[in-house]
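First the structure, in the form of structure tokens, and then the observations on it.
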């Protein structure tokens, strides 16, 4: 199944015709990946609420899963080979960190 994943603790995805699945926490991302597999598009928020892992933590888990370091979790599904992403976070440092990690990893992976 091809779908888009929207990760945000408060906002809802845009009404743009994409088949969105919404995850509010790292745990919900794990469950969504377990149920639906790797999304082809992800929109990230960074700050996911007090005492919750951040969007950056989720990206790290996704990269680790893609590298085989997260067995027995939804993250073991890895990253879709045609993954595109956007960071809609209003936290500029968090946005830059997510973009940097995922862009660099995908560039390395696609070489």
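None of the figures in this text is laboratory data; all of them are computed from the coordinates on show. Keep in mind that what you see is a predicted model, and the values were worked out from it rather than measured. Note that we place each Cβ from the backbone using ideal geometry, even for glycine, and neighbour counts take in every protein chain shown.
Ranked for footprinting exposure by Cβ neighbours inside 10 Å, fewest first, 11, 110, 18, 70 give 110, 11, 18, 70.
In terms of the ratio Rg/(2.2 N^0.38 Å) built on C-alpha atoms, what value belongs to the stretch 4-109?
On the way: Rg = 12.5 Å, N = 106, 2.2 N^0.38 = 12.9 Å.
The reported ratio for this selection is 0.97.
In the stretch 18-111, Cα pairs under 8 Å separated by at least six residues give a relative contact order of 32 percent. For the chain, the 222 nm mean residue ellipticity estimated from helices alone, with every DSSP H stretch of n ≥ 4 adding -39500 (n - 2.57) and the total spread over all residues, rounds to -12000 deg cm²/dmol.
Largest GNM mean-square fluctuation across 15, 84, 97, computed for the chain with C-alpha springs under 10 Å, falls on 15.
Extension gain, residue 34 to residue 67: 0.36 nm times the residue separation minus the Cα-Cα distance gives 10.2 nm.
Could you let me know the centre-to-centre spacing of the stretch 33-111 and the stretch 12-27, using Cα atoms, in angstrom? Centre-to-centre (Cα) distance: 14 Å.
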